[in-house]
Amino acid sequence: MNQKLFYSLVLVVAGALFFIPFLGGVRLFDWDEINFAECAREMIALGDYLHVHIDFKPFYEKPPLFFWFQSAMMNLFGINEFSARLPNAICGIITLVYLYNLGQKLHGHRFGWLWALAYLGSVTPHLYFRSGIIDPFFNLFIFAGLVNLIFTSWKRERLGGAMTVPRNEWSYILIGGLVVGLGIMTKGPVAYLIVCLVLFVYWMLSRFRWFISPLQFLAFSAAAAFVSLLWYGLDIFLHGPELMRNFLAYQFRLFSTPDAGHVGFPAYHVIILLVGCFPASIFGIRAFGTLFIERNYQREFRKWMLILFWVVLVLFSIVQSKIVHYSSLCYFPLTYFAALTLMQLEERKIQFNNWMRAGLLVIGGVYVAAIVGLPILAHRMDIVKSYADQDAFTQQNLDANVNWTGWEVLPGIWLSVILILAIIWFNKRETARAALTLFGGMAVFITLTLWFFIGRIEGISQDAAMRFFERAQGQNVYVRTYGYHSYGPYFYTHKPPVTNPNSYNDEWLLRGRIDKDVLFIRKASEQPTLLDSLPDVRKTGQQNGFVFYQRKAK
């Protein structure tokens, strides 16, 4: 077995071991995870895989590709959390293998291994592959599409040689377009926009040199459009322009106004990447400076990655909605930069300096303090409640009966040991051992933290509400949130297709001649609400910040 195949299989096994077990161990979280899983469930319930629905109404915000992946898993493994998250676990395995093979092509086996390891062992890149959100596939399609365009330019300019770019230019152009088209089908035309912005910036920095021909760019665009028009075009042909009109209106609103209350300060994504992509971010920063890179095509790829990083960071810093996922495409260049720095450390071209040491200690220390401090504070909930928001909902959330054993400090202790060992070995210039310890240990730390904390976090934040919805499964009732929005009443009640359009009308559910019982849930508040004043609405319980009601059909 050759080296490349062997290490690809090692990464398949490592990815499967880290990403797949316990995917269904905790419920999906509002909003995105439940939202997307419900879209997939409703495809199955309606038998309609062409359109995306939520609450059995048209959902214009997202194209269907990711929901097709989820619904395929649900048809195989049932409608549950495991099926909703499994596509991203598979995406994680594909991503690790892809990064290893790409890195091996660019800088050799050792670099490819470091790149995949940096992605596996950084916090948010790792976490995304254990979630049910759209972005892992979306980012992979954009990145792979861009890489094919880079290879097109290298083939055109005879850069890199036959071993690096063995195919002809048009193969890379068409593959790149088709892959970006899959990105459009995953989350929308922003996939094409990002690639075009990167190409435009590179063109300007290259003094308007045509690194790919206008005809090749048109072919790339046509290939991307071909994939997306298989769905958009078919729907327009069958049902007119309504879907496209609503989808474009949503995209414009997302860029121009804060969506769903997601407002943030201008440096929001800088902080998110620095802390969230730890520890790759600490080493990645060094690669923004001067490095000793031998070959022209390697220097060119670094230039492309710098452009990709800054385009994504600046674009989504401008966008009014500030959501963690938006800058997640930066994980590819940032982990690439980390691998570059680690490789240069191994080759002793640069030194492990005080900034890297301080970055590992400070941000790693924040993680250690948080993980060790949370279970300690959990036993002094009176202190936590005094500093938390004083509204009734938050205070009652913190009263949840969650069992904290004290063993929850173990991930923090583990990370402390990993950081100490890694820094010792970096100081001794044993970079290979230090990198494997740090990033492999971080992957274990993330796993341990999820095992110890995610169920307890859910117990505080949403467990009472989700159990309320689950109890309604199989009952011939309406289930409705009051005063807040959640996708839980759809997914966790296994809501059937709507047969009575009045059920969308809150006034009818509250006061009308209902044809079956209505179960209401609201968040706790200091003041009574309308639900408390209606004579035929009865309060049935209250738990952990949620209040439950029932209105019986007459």
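The values are calculated or read from the model by the stated rules, or taken from the named source; none is laboratory data. These numbers were taken from a predicted model, which means no experiment stands behind them. Don't worry about glycine lacking a Cβ; one is built from the backbone with ideal geometry, like all the others, and counts go over all protein chains shown. Ligands, DNA and RNA are excluded from the accessible area calculation, which covers all protein heavy atoms including side chains. Shrake-Rupley method; radii C 1.70, N 1.55, O 1.52, S 1.80 Å.
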Report summary line: Largest-first ranking of T394, T95 by accessible area, probe 1.4 Å, whole protein assembly kept, is T394, T95
Query raised in the report: Each label point is 7 Å from the Cα along the Cα-to-Cβ direction; what then is the distance between the points at N246 and V10, in nm?
Result: 5.0
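Provide the three semi-axes, in whole Å and in decreasing order, of the ellipsoid equivalent to the chain as defined by the square roots of 5 times the Cα gyration tensor eigenvalues. Don't skip to the end; give the middle numbers.
Values: eigenvalues 370, 196, 74 Å².
Equivalent ellipsoid semi-axes, largest first: 43, 31, 19 Å.
For N476 and F22, calculate 0.36 nm times their separation in residues minus their Cα-Cα distance, and state this gained length in nm to one decimal.
On the way: separation 454, 0.36 × 454 = 163.44 nm, distance 3.18 nm.
Additional length available on full extension: 160.3 nm.
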Query - Mean-position separation - Cα centroids, segment 120-158 and segment 18-52, in angstrom - result: 23
Query raised in the report: Within straight cross-link reach of K155, meaning Cα distance under 16 Å, which lysines are found once same-chain residues fewer than 8 apart are removed?
Result: K105
Report task. Quick one: what are the phi-derived ³J(HN,Hα) couplings along segment 203-219, Karplus 6.51/-1.76/1.60 with θ = phi - 60°, whole Hz, x for glycine and proline? Result -> 4, 5, 5, 8, 6, 6, 7, 7, 6, 10, 7, x, 5, 5, 5, 5, 5
Query - Rounded to the nearest 20 debye, dipole of segment 465-537 from Cβ charges on Lys, Arg, Asp, Glu - result: 200
Report summary line: FRET efficiency (L534, L230; Cβ distance; R0 51 Å; to 0.05) is 0.55
Query raised in the report: Each residue of segment 466-477 in turn: what ³J(HN,Hα) in whole Hz from Karplus with 6.51, -1.76, 1.60 and θ = phi - 60°, glycine and Pro shown as x?
Result: 5, 5, 4, 5, 5, 5, 7, 4, x, 8, 8, 9
Query raised in the report: Modelled label-to-label distance, N403 and R380, 7 Å Cα→beta-carbon offset: nm?
Result: 2.5
Query raised in the report: Per-residue HN-Hα couplings for segment 182-187, Karplus 6.51 cos²θ - 1.76 cosθ + 1.60 at θ = phi - 60°, whole Hz, x for Gly and Pro?
Result: 5, x, 4, 6, 8, 9
Query raised in the report: Percent of accessible area on segment 92-193 owned by carbon and sulfur, 1.4 Å probe?
Result: 66
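For segment 367-510, what percent of Cα pairs sit more than 26 Å apart? Before the final figure, lay out each step's value.
Values: 5162 of 10296 pairs.
In whole percent, the share of Cα-Cα pairs in segment 367-510 beyond 26 Å is 50.
Please say if segment 279-387 is rounded, prolate or oblate, where rounded means a/c under 1.5 for a ≥ b ≥ c the square roots of the C-alpha gyration tensor eigenvalues, and otherwise the choice is prolate for a/b larger than b/c and oblate otherwise? Write down the numbers at each step before the final one.
Values: a/c = 3.96, a/b = 1.63, b/c = 2.43.
Oblate.
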**Report entry** Portion, in percent, of the accessible area of segment 452-554 that falls on carbon or sulfur, probe 1.4 Å
**Finding:** 49
**Report entry** Solvent exposure ordering (accessible area, 1.4 Å, most first) of W404, W203
**Finding:** W203, W404
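Past the 14 angstrom mark, what percentage of all C-alpha to C-alpha distances in segment 499-541 do you count? Please report the intermediate quantities before stating the final value.
On the way: 461 of 903 pairs.
Percentage above 14 Å: 51.
Please say if segment 266-315 is rounded, prolate or oblate, where rounded means a/c under 1.5 for a ≥ b ≥ c the square roots of the C-alpha gyration tensor eigenvalues, and otherwise the choice is prolate for a/b larger than b/c and oblate otherwise? Let's see the in-between values first.
Working: a/c = 3.14, a/b = 1.66, b/c = 1.89.
Taking the square roots of the gyration eigenvalues as a ≥ b ≥ c, segment 266-315 is oblate.
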Requested in this report: Search the structure for amide H atoms under 5 Å from the amide H of V479, placed 1.01 Å from N in the peptide plane, and list their residues when 5 or more places away or on another chain.
Outcome: L519
Query - Per-peptide average of other Cβ atoms within 10 Å, ordering 287-295, 414-422 highest first - result: 414-422, 287-295
Report task. Taking 7 Å along the Cα-to-C-beta vector as the label spot, tell me the D389-R429 distance in nanometres, rounded to one decimal. Result -> 5.4
Report summary line: Put I271, I514 in order of accessible area, largest first, probe 1.4 Å, and you get I271, I514
Query raised in the report: At a probe size of 1.4 Å, how large is the accessible area of H269, to the nearest 10 Å²?
Result: 0
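Can you pull the percent of segment 270-311's accessible area that's carbon plus sulfur, 1.4 Å probe, other chains left in place?
Numbers: 1100 of 1720 Å².
The C+S portion of the solvent-accessible surface of segment 270-311 is 64 percent.
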Report task. Excluding residues fewer than 8 places away in the same chain, name every one of the lysines whose C-alpha is closer than 28 Å to that of K523. Result -> K57, K322, K385, K495, K539, K552, K554
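Leaving out ligands and nucleic acids, note down the accessible area per residue over segment 6-114 with a 1.4 angstrom probe, in whole Å².
Numbers: 3760 Å² over 109 residues.
Value returned for segment 6-114: 35 Å² of accessible area per residue.
With n ≥ 4 as the cut-off for DSSP H runs, can you work out [θ] at 222 nm for the chain, using -39500 (n - 2.57) per run divided by the number of residues, rounded to the nearest 500? Don't skip to the answer; put the middle values down first.
On the way: 27 runs with 350 residues, N = 554.
That calculation yields -20000 deg cm²/dmol at 222 nm.
What fraction of the DSSP beta bridges in the chain is antiparallel, stated in percent and rounded to the nearest 5?
Details: 14 of 19 bridges.
Restricted to the chain, the bridges split so that about 75 percent are antiparallel.
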Query raised in the report: Excluding ligands, DNA and RNA, what is the solvent-accessible area per residue of segment 464-546 at a probe of 1.4 Å, expressed in Å²?
Result: 51
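Taking 0.36 nm per intervening residue step and subtracting the Cα-Cα distance, what contour gain separates Y504 from W355 on full extension? Could the numbers behind the result be given before it?
Values: separation 149, 0.36 × 149 = 53.64 nm, distance 5.67 nm.
So the extension gain works out to 48.0 nm.
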Report summary line: Cα extents of segment 1-120 along the principal axes, largest first, in whole Å, come to 51, 28, 25
